[in-house]
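*Asks:* Mind looking over this structure? Questions follow.
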Amino acid sequence: MPRPRRSCLAVPGSSQKMIDKARTLPADQVFLDLEDACAPLAKPDARKTIVAALNEGGWGERTRVVRVNDWTTEWTYRDVVEVVEGAGANLDCLMLPKVQTAQQVQALDLLLTQIEKTMGYEVGRIGIEAQIENARGLVEVDAIATASPRVETIIFGPADFMASINMKSLVVGEQPPGYDVGDAYHYILMRILMAARANDVQAIDGPYLQIRDVDGFRRVAGRAAALGYDGKWVLHPGQIDAANEVFSPDQSDYDHAENILDAYEYFTSDAGGKRGAVMLGDEMIDEASRKMALVIAGKGRAAGMSRTDKWAPPAE
Ligand code: GLV
Ligand code: MG
(Lines give C-alpha, C1' and ligand atoms only; values in the text may rest on other atoms or scores of the structure.)
(Ligands and ions follow the chains in the order given, each with its own letter.)
Protein backbone atom coordinates (compact mmCIF):
# COMPACT_ATOMS: atom_id res chain seq x y z
CA MET A 1 0.00 0.00 0.00
CA PRO A 2 1.35 3.50 -0.80
CA ARG A 3 2.44 5.56 2.15
CA PRO A 4 -0.12 8.06 3.49
CA ARG A 5 0.80 11.58 2.37
CA ARG A 6 -2.29 13.66 3.12
CA SER A 7 -0.13 16.28 4.85
CA CYS A 8 3.54 16.70 3.87
CA LEU A 9 5.22 19.07 6.31
CA ALA A 10 8.03 21.28 4.97
CA VAL A 11 10.77 21.88 7.55
CA PRO A 12 13.89 23.98 6.85
CA GLY A 13 16.89 21.67 7.35
CA SER A 14 18.78 24.54 8.97
CA SER A 15 16.31 24.97 11.84
CA GLN A 16 16.90 22.62 14.77
CA LYS A 17 13.92 24.17 16.53
CA MET A 18 11.51 23.46 13.69
CA ILE A 19 12.90 19.95 13.24
CA ASP A 20 12.27 19.20 16.92
CA LYS A 21 8.77 20.63 16.71
CA ALA A 22 8.01 18.54 13.58
CA ARG A 23 8.43 15.32 15.59
CA THR A 24 5.37 16.28 17.66
CA LEU A 25 3.02 17.24 14.81
CA PRO A 26 0.39 14.96 13.22
CA ALA A 27 1.66 15.25 9.62
CA ASP A 28 1.76 12.04 7.54
CA GLN A 29 5.11 13.05 6.04
CA VAL A 30 7.93 15.34 7.12
CA PHE A 31 10.46 16.61 4.62
CA LEU A 32 13.63 18.24 5.80
CA ASP A 33 14.59 20.84 3.24
CA LEU A 34 18.05 21.55 1.85
CA GLU A 35 16.63 23.50 -1.10
CA ASP A 36 14.68 26.75 -1.16
CA ALA A 37 13.90 27.02 2.57
CA CYS A 38 17.59 26.73 3.36
CA ALA A 39 19.89 29.70 2.60
CA PRO A 40 22.97 28.86 0.47
CA LEU A 41 25.37 29.69 3.29
CA ALA A 42 23.43 27.43 5.68
CA LYS A 43 23.34 24.37 3.42
CA PRO A 44 26.61 22.67 4.52
CA ASP A 45 25.64 22.77 8.21
CA ALA A 46 22.04 21.84 7.42
CA ARG A 47 23.23 18.56 5.85
CA LYS A 48 24.78 17.65 9.20
CA THR A 49 21.76 18.78 11.20
CA ILE A 50 19.52 16.62 9.00
CA VAL A 51 21.72 13.52 9.29
CA ALA A 52 21.71 13.84 13.08
CA ALA A 53 17.94 14.44 13.21
CA LEU A 54 17.18 11.35 11.12
CA ASN A 55 19.51 9.16 13.15
CA GLU A 56 18.16 10.42 16.47
CA GLY A 57 14.75 9.05 15.48
CA GLY A 58 11.47 9.91 17.17
CA TRP A 59 9.66 10.18 13.82
CA GLY A 60 7.06 7.50 14.58
CA GLU A 61 5.01 6.46 11.57
CA ARG A 62 5.81 9.62 9.63
CA THR A 63 7.38 9.22 6.21
CA ARG A 64 10.89 10.70 6.42
CA VAL A 65 12.00 12.65 3.35
CA VAL A 66 14.86 15.03 2.55
CA ARG A 67 14.57 17.53 -0.28
CA VAL A 68 17.96 17.92 -1.98
CA ASN A 69 18.90 20.74 -4.35
CA ASP A 70 18.16 20.38 -8.06
CA TRP A 71 20.73 19.10 -10.56
CA THR A 72 21.39 22.54 -12.10
CA THR A 73 23.07 23.66 -8.86
CA GLU A 74 26.46 22.66 -7.51
CA TRP A 75 24.98 21.21 -4.30
CA THR A 76 23.01 18.11 -5.34
CA TYR A 77 25.69 15.42 -5.24
CA ARG A 78 26.97 16.48 -1.84
CA ASP A 79 23.43 16.65 -0.48
CA VAL A 80 22.78 13.09 -1.62
CA VAL A 81 26.13 11.62 -0.57
CA GLU A 82 26.18 13.23 2.87
CA VAL A 83 22.55 12.56 3.74
CA VAL A 84 22.32 9.01 2.41
CA GLU A 85 25.74 7.84 3.61
CA GLY A 86 25.04 9.44 6.99
CA ALA A 87 21.41 8.47 7.53
CA GLY A 88 20.24 6.28 4.62
CA ALA A 89 18.96 3.61 7.02
CA ASN A 90 16.63 6.18 8.60
CA LEU A 91 15.36 7.81 5.43
CA ASP A 92 12.37 6.81 3.28
CA CYS A 93 12.66 9.05 0.21
CA LEU A 94 14.63 11.84 -1.38
CA MET A 95 12.69 14.66 -2.99
CA LEU A 96 14.21 16.02 -6.21
CA PRO A 97 12.98 19.53 -7.03
CA LYS A 98 12.72 21.24 -10.44
CA VAL A 99 12.88 17.96 -12.35
CA GLN A 100 12.94 18.66 -16.08
CA THR A 101 13.87 15.33 -17.69
CA ALA A 102 13.74 11.60 -17.02
CA GLN A 103 17.56 11.60 -17.09
CA GLN A 104 17.66 13.75 -13.96
CA VAL A 105 15.66 11.11 -12.10
CA GLN A 106 17.88 8.36 -13.49
CA ALA A 107 21.00 10.23 -12.37
CA LEU A 108 19.65 10.32 -8.81
CA ASP A 109 18.70 6.64 -9.03
CA LEU A 110 22.24 5.68 -10.14
CA LEU A 111 23.87 7.71 -7.40
CA LEU A 112 21.53 6.25 -4.77
CA THR A 113 22.28 2.72 -5.96
CA GLN A 114 26.03 3.30 -5.63
CA ILE A 115 25.68 4.63 -2.11
CA GLU A 116 23.34 1.80 -1.10
CA LYS A 117 25.86 -0.78 -2.36
CA THR A 118 28.80 0.91 -0.66
CA MET A 119 26.99 1.22 2.63
CA GLY A 120 25.45 -2.25 2.58
CA TYR A 121 21.88 -0.87 2.47
CA GLU A 122 19.08 -2.67 0.64
CA VAL A 123 19.33 -1.52 -2.98
CA GLY A 124 16.26 0.35 -4.23
CA ARG A 125 14.57 0.90 -0.85
CA ILE A 126 14.92 4.68 -0.82
CA GLY A 127 12.22 6.22 -2.99
CA ILE A 128 12.20 9.37 -5.12
CA GLU A 129 9.63 12.17 -5.03
CA ALA A 130 9.82 14.22 -8.24
CA GLN A 131 8.75 17.86 -8.14
CA ILE A 132 7.38 19.43 -11.33
CA GLU A 133 8.12 23.15 -11.17
CA ASN A 134 8.46 24.43 -14.71
CA ALA A 135 7.09 24.09 -18.22
CA ARG A 136 9.84 21.68 -19.32
CA GLY A 137 9.12 19.35 -16.41
CA LEU A 138 5.39 19.34 -17.16
CA VAL A 139 5.97 18.55 -20.82
CA GLU A 140 8.20 15.64 -19.77
CA VAL A 141 6.05 14.44 -16.87
CA ASP A 142 5.14 11.01 -18.29
CA ALA A 143 8.79 10.12 -18.87
CA ILE A 144 9.67 11.48 -15.42
CA ALA A 145 7.00 9.31 -13.74
CA THR A 146 8.41 6.17 -15.36
CA ALA A 147 12.12 7.07 -15.19
CA SER A 148 12.84 4.83 -12.19
CA PRO A 149 10.95 2.28 -10.10
CA ARG A 150 11.93 4.41 -7.13
CA VAL A 151 9.50 7.20 -8.12
CA GLU A 152 6.70 7.26 -5.51
CA THR A 153 5.14 10.67 -6.09
CA ILE A 154 4.85 13.51 -8.56
CA ILE A 155 4.55 16.84 -6.77
CA PHE A 156 3.26 20.12 -8.19
CA GLY A 157 5.50 23.03 -7.12
CA PRO A 158 3.17 25.97 -7.76
CA ALA A 159 5.43 28.83 -6.66
CA ASP A 160 8.32 28.00 -8.96
CA PHE A 161 5.89 26.91 -11.66
CA MET A 162 4.01 30.22 -11.66
CA ALA A 163 7.33 32.03 -12.01
CA SER A 164 8.43 29.69 -14.80
CA ILE A 165 5.38 30.33 -16.97
CA ASN A 166 5.18 34.08 -16.18
CA MET A 167 1.84 33.75 -14.41
CA LYS A 168 0.64 37.12 -13.17
CA SER A 169 -0.63 36.10 -9.72
CA LEU A 170 1.58 36.57 -6.70
CA VAL A 171 -0.65 34.51 -4.42
CA VAL A 172 0.17 30.86 -4.93
CA GLY A 173 -2.84 28.77 -5.83
CA GLU A 174 -5.22 31.70 -6.26
CA GLN A 175 -6.48 32.82 -9.68
CA PRO A 176 -4.40 35.53 -11.41
CA PRO A 177 -6.08 38.94 -11.78
CA GLY A 178 -7.99 39.17 -15.04
CA TYR A 179 -8.36 35.40 -15.39
CA ASP A 180 -12.04 34.62 -15.57
CA VAL A 181 -12.47 31.58 -17.77
CA GLY A 182 -12.18 28.84 -15.16
CA ASP A 183 -9.30 27.61 -13.03
CA ALA A 184 -5.84 28.73 -14.13
CA TYR A 185 -4.31 25.64 -12.48
CA HIS A 186 -6.67 23.03 -13.80
CA TYR A 187 -4.61 21.92 -16.77
CA ILE A 188 -1.39 21.67 -14.77
CA LEU A 189 -3.02 19.76 -11.91
CA MET A 190 -4.76 17.37 -14.30
CA ARG A 191 -1.65 16.82 -16.43
CA ILE A 192 0.32 15.79 -13.34
CA LEU A 193 -2.56 13.67 -12.05
CA MET A 194 -2.83 11.75 -15.33
CA ALA A 195 0.91 10.98 -15.34
CA ALA A 196 0.71 9.84 -11.72
CA ARG A 197 -2.38 7.65 -12.13
CA ALA A 198 -1.20 6.16 -15.41
CA ASN A 199 1.97 5.03 -13.68
CA ASP A 200 0.62 4.15 -10.24
CA VAL A 201 2.40 6.84 -8.29
CA GLN A 202 0.90 9.42 -5.95
CA ALA A 203 0.00 12.99 -6.94
CA ILE A 204 0.76 15.66 -4.35
CA ASP A 205 -0.13 19.37 -4.43
CA GLY A 206 2.51 21.87 -3.29
CA PRO A 207 2.41 24.71 -0.78
CA TYR A 208 -0.10 27.42 0.08
CA LEU A 209 2.00 30.32 1.29
CA GLN A 210 -0.60 32.45 3.09
CA ILE A 211 -0.16 30.38 6.21
CA ARG A 212 -2.58 32.39 8.36
CA ASP A 213 -5.41 31.95 5.86
CA VAL A 214 -6.63 28.46 6.74
CA ASP A 215 -9.85 28.97 4.75
CA GLY A 216 -7.76 29.75 1.68
CA PHE A 217 -5.71 26.63 2.34
CA ARG A 218 -8.88 24.54 2.60
CA ARG A 219 -10.21 25.97 -0.66
CA VAL A 220 -7.02 25.26 -2.62
CA ALA A 221 -6.50 21.86 -0.97
CA GLY A 222 -10.15 21.02 -1.63
CA ARG A 223 -9.66 21.64 -5.34
CA ALA A 224 -6.74 19.19 -5.50
CA ALA A 225 -8.57 16.63 -3.35
CA ALA A 226 -11.68 16.88 -5.54
CA LEU A 227 -9.63 16.03 -8.62
CA GLY A 228 -8.11 12.97 -6.91
CA TYR A 229 -4.82 14.21 -5.44
CA ASP A 230 -3.45 12.21 -2.51
CA GLY A 231 -2.20 15.08 -0.36
CA LYS A 232 -0.69 18.52 -0.09
CA TRP A 233 2.27 20.26 1.47
CA VAL A 234 1.80 22.05 4.75
CA LEU A 235 4.10 24.87 5.82
CA HIS A 236 2.70 25.51 9.26
CA PRO A 237 1.17 23.42 12.07
CA GLY A 238 -2.13 25.28 11.53
CA GLN A 239 -2.53 23.72 8.06
CA ILE A 240 -2.02 20.08 9.15
CA ASP A 241 -5.48 19.21 10.51
CA ALA A 242 -7.11 20.84 7.50
CA ALA A 243 -4.96 18.78 5.10
CA ASN A 244 -5.61 15.51 6.94
CA GLU A 245 -9.32 16.24 6.87
CA VAL A 246 -9.56 17.43 3.27
CA PHE A 247 -7.66 14.41 1.92
CA SER A 248 -9.65 11.87 3.96
CA PRO A 249 -13.20 10.98 2.92
CA ASP A 250 -16.20 12.32 4.90
CA GLN A 251 -17.47 9.79 7.45
CA SER A 252 -20.73 9.36 5.53
CA ASP A 253 -18.91 8.83 2.20
CA TYR A 254 -16.61 6.32 3.86
CA ASP A 255 -19.52 4.38 5.39
CA HIS A 256 -21.35 4.44 2.08
CA ALA A 257 -18.29 3.16 0.18
CA GLU A 258 -17.81 0.25 2.59
CA ASN A 259 -21.53 -0.53 2.31
CA ILE A 260 -21.37 -0.57 -1.49
CA LEU A 261 -18.47 -3.03 -1.31
CA ASP A 262 -20.36 -5.33 1.07
CA ALA A 263 -23.63 -5.10 -0.84
CA TYR A 264 -21.99 -5.68 -4.21
CA GLU A 265 -20.12 -8.71 -2.90
CA TYR A 266 -23.34 -10.15 -1.51
CA PHE A 267 -25.52 -9.53 -4.59
CA THR A 268 -22.96 -10.92 -7.03
CA SER A 269 -22.61 -14.12 -4.93
CA ASP A 270 -24.73 -17.27 -5.23
CA ALA A 271 -26.61 -16.39 -2.05
CA GLY A 272 -27.36 -12.91 -3.36
CA GLY A 273 -28.63 -14.12 -6.72
CA LYS A 274 -25.50 -13.58 -8.88
CA ARG A 275 -26.72 -10.13 -9.87
CA GLY A 276 -24.38 -7.56 -11.46
CA ALA A 277 -26.61 -4.47 -11.25
CA VAL A 278 -28.76 -3.94 -8.18
CA MET A 279 -30.38 -1.18 -6.18
CA LEU A 280 -28.76 -0.09 -2.93
CA GLY A 281 -31.28 2.35 -1.47
CA ASP A 282 -32.00 4.79 -4.30
CA GLU A 283 -28.80 4.05 -6.15
CA MET A 284 -28.05 1.55 -8.91
CA ILE A 285 -24.71 -0.12 -8.22
CA ASP A 286 -22.56 -2.26 -10.51
CA GLU A 287 -18.89 -3.10 -11.06
CA ALA A 288 -17.97 0.55 -11.75
CA SER A 289 -19.59 1.54 -8.43
CA ARG A 290 -17.39 -1.04 -6.73
CA LYS A 291 -14.29 0.54 -8.28
CA MET A 292 -15.30 4.04 -7.13
CA ALA A 293 -16.11 2.70 -3.68
CA LEU A 294 -12.73 0.98 -3.45
CA VAL A 295 -10.99 4.35 -3.92
CA ILE A 296 -12.94 6.03 -1.10
CA ALA A 297 -12.75 3.00 1.19
CA GLY A 298 -9.00 2.72 0.54
CA LYS A 299 -8.47 6.37 1.48
CA GLY A 300 -10.59 5.94 4.61
CA ARG A 301 -8.79 2.77 5.70
CA ALA A 302 -5.42 4.43 5.12
CA ALA A 303 -6.59 7.30 7.32
CA GLY A 304 -7.56 4.81 10.07
CA MET A 305 -11.33 5.49 9.82
CA SER A 306 -13.86 3.04 11.19
CA ARG A 307 -17.44 2.33 10.11
CA THR A 308 -20.36 3.92 11.88
CA ASP A 309 -23.13 2.44 9.71
CA LYS A 310 -22.95 -1.12 8.42
CA TRP A 311 -25.13 -2.58 5.68
CA ALA A 312 -26.55 -6.03 6.29
CA PRO A 313 -27.92 -8.44 3.65
CA PRO A 314 -31.72 -8.78 3.52
CA ALA A 315 -33.10 -11.37 5.94
CA GLU A 316 -33.96 -14.72 4.26
C1 GLV B 1 7.54 24.44 -4.12
O2 GLV B 1 8.68 24.06 -4.14
C3 GLV B 1 7.07 25.45 -5.02
O4 GLV B 1 7.90 25.99 -5.75
O5 GLV B 1 5.86 25.71 -5.00
MG1 MG C 1 9.89 25.12 -5.57
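*Asks:* Quick one: Karplus J couplings for segment 196-201, per residue in order, coefficients 6.51, -1.76, 1.60, θ = phi - 60°, nearest Hz, x for Gly and Pro?
*Replies:* Karplus values, whole Hz, x for Gly and Pro: 5, 5, 5, 10, 6, 10.
*Asks:* Continuing with this model, one more query. Between rounded, prolate and oblate, where does segment 11-74 land on the alpha carbon gyration tensor, with a ≥ b ≥ c its root eigenvalues, rounded for a/c under 1.5, else prolate if a/b exceeds b/c?
*Replies:* In terms of gyration-tensor shape, prolate.
*Asks:* Given labels modelled 7 Å from the Cα in the Cβ direction, how far is it in nm from Lys17 to Thr73?
*Replies:* With each label point 7 Å from Cα toward Cβ, the separation is 2.3 nm.
*Asks:* Rounding to the nearest 20 debye, state how big the charge dipole of the chain is about its Cα centre with +1 on each Lys and Arg Cβ and -1 on each Asp and Glu Cβ.
*Replies:* Computed about the Cα centre, the dipole is about 560 debye.
*Asks:* Solvent-accessible area per residue for segment 7-246 at a 1.4 Å probe radius, Å²?
*Replies:* 42
*Asks:* While we're looking at this one, here's another question. Can you give me the % of accessible surface on segment 251-302 that is carbon or sulfur? Probe 1.4 Å, all protein chains present, nothing else counted.
*Replies:* That share works out to 56 percent.
*Asks:* Right, something else. Taking the alpha-carbon distance from Lys274 and a cut-off under 21 Å, which lysines remain once sequence neighbours fewer than 8 residues away in the same chain are dropped?
*Replies:* Lys291
*Asks:* Of Ala271, Ala242, Ala225, which is the most mobile in a GNM of the chain whose springs link Cα atoms less than 10 angstrom apart?
*Replies:* Ranking Ala271, Ala242, Ala225 by mean-square fluctuation puts Ala271 first.
*Asks:* To the nearest 10 Å², what's Tyr187's accessible area with a 1.4 Å probe?
*Replies:* Surface accessible to solvent at Tyr187 totals approximately 140 Å².
*Asks:* A further question follows. Modelled label-to-label distance, Asp309 and Ala143, 7 Å Cα→beta-carbon offset: nm?
*Replies:* 5.0
*Asks:* Looking at segment 165-198, which trypsin sites (Lys or Arg not before Pro) are in a loop (DSSP not H, G, I, E or B) and have at most 15 other Cβ atoms within 10 Å?
*Replies:* Lys168
*Asks:* Expressed as a whole number of Å, what is the distance separating the alpha-carbon centroids of segment 6-57 and segment 101-115?
*Replies:* 23
*Asks:* Please list, ordered by chain and number, the residues whose modelled amide H lies under 5 Å from the amide H of Gly231; skip anything fewer than 5 residues away on the same chain.
*Replies:* HN-HN under 5 Å from Gly231: Asp205.
*Asks:* OK, next. Please identify every one of the trypsin sites (Lys or Arg not before Pro) in segment 69-144 that sits in a loop by DSSP and has no more than 14 other beta carbons within 10 Å of its own beta carbon.
*Replies:* Hits after loop and neighbour filter: Arg125.
*Asks:* Give Lys21/Lys299; Lys232/Lys299; Lys43/Lys232 a once-over and call out the pairs whose C-alpha atoms are over 18 Å from each other.
*Replies:* Lys21/Lys299; Lys43/Lys232
*Asks:* Here is a follow-up. Return the long-range amide H neighbours of Gln131 (sequence gap of 5 or more, or a different chain), with a cut-off of under 5 Å between placed amide H atoms.
*Replies:* Long-range HN contacts for Gln131: Leu96, Lys98, Val99, Ile155.
*Asks:* Which residue fluctuates most in the GNM of the chain (Cα springs below 10 Å): Ala196, Ala130, Ala37?
*Replies:* Ala37
*Asks:* Hey, another quick one. Suppose accessible area is computed on protein heavy atoms with a 1.4 Å probe; arrange Asp250, Asp70 from highest to lowest.
*Replies:* From most exposed to least exposed: Asp250, Asp70.
*Asks:* Let me ask you something else. Run the numbers on the chain and let me know its relative contact order in percent, using alpha-carbon pairs under 8 Å that are six or more apart.
*Replies:* 14
*Asks:* Determine the shape class of the chain: with a ≥ b ≥ c the square roots of the Cα gyration tensor eigenvalues, call it rounded for a/c under 1.5, and otherwise prolate if a/b is greater than b/c, oblate otherwise.
*Replies:* prolate
*Asks:* To the nearest 500 deg cm²/dmol, what mean residue ellipticity at 222 nm is calculated for the chain from DSSP H runs of n ≥ 4 alone, each contributing -39,500 (n - 2.57), summed and divided by the residues?
*Replies:* -13500 deg cm²/dmol
*Asks:* Do you know the relative contact order of segment 214-304, to the nearest whole percent, from alpha carbon pairs under 8 angstrom that are 6+ apart?
*Replies:* 25
*Asks:* Here's a follow-up. Just to be sure I understand: with springs between alpha-carbon atoms less than 10 Å apart, which residue in Met279, Met162, Met95 has the highest mean-square fluctuation in the Gaussian network model of the chain?
*Replies:* Evaluated over the chain, the most mobile residue of the options is Met279.
The values are calculated or read from the model by the stated rules, or taken from the named source; none is laboratory data. These numbers were taken from a predicted model, which means no experiment stands behind them. Glycine also receives a Cβ, built like all others from the backbone with ideal geometry; neighbour counts cover every protein chain displayed. For accessibility, only protein heavy atoms count, side chains too; no ligands or nucleic acids. Shrake-Rupley method; radii C 1.70, N 1.55, O 1.52, S 1.80 Å.
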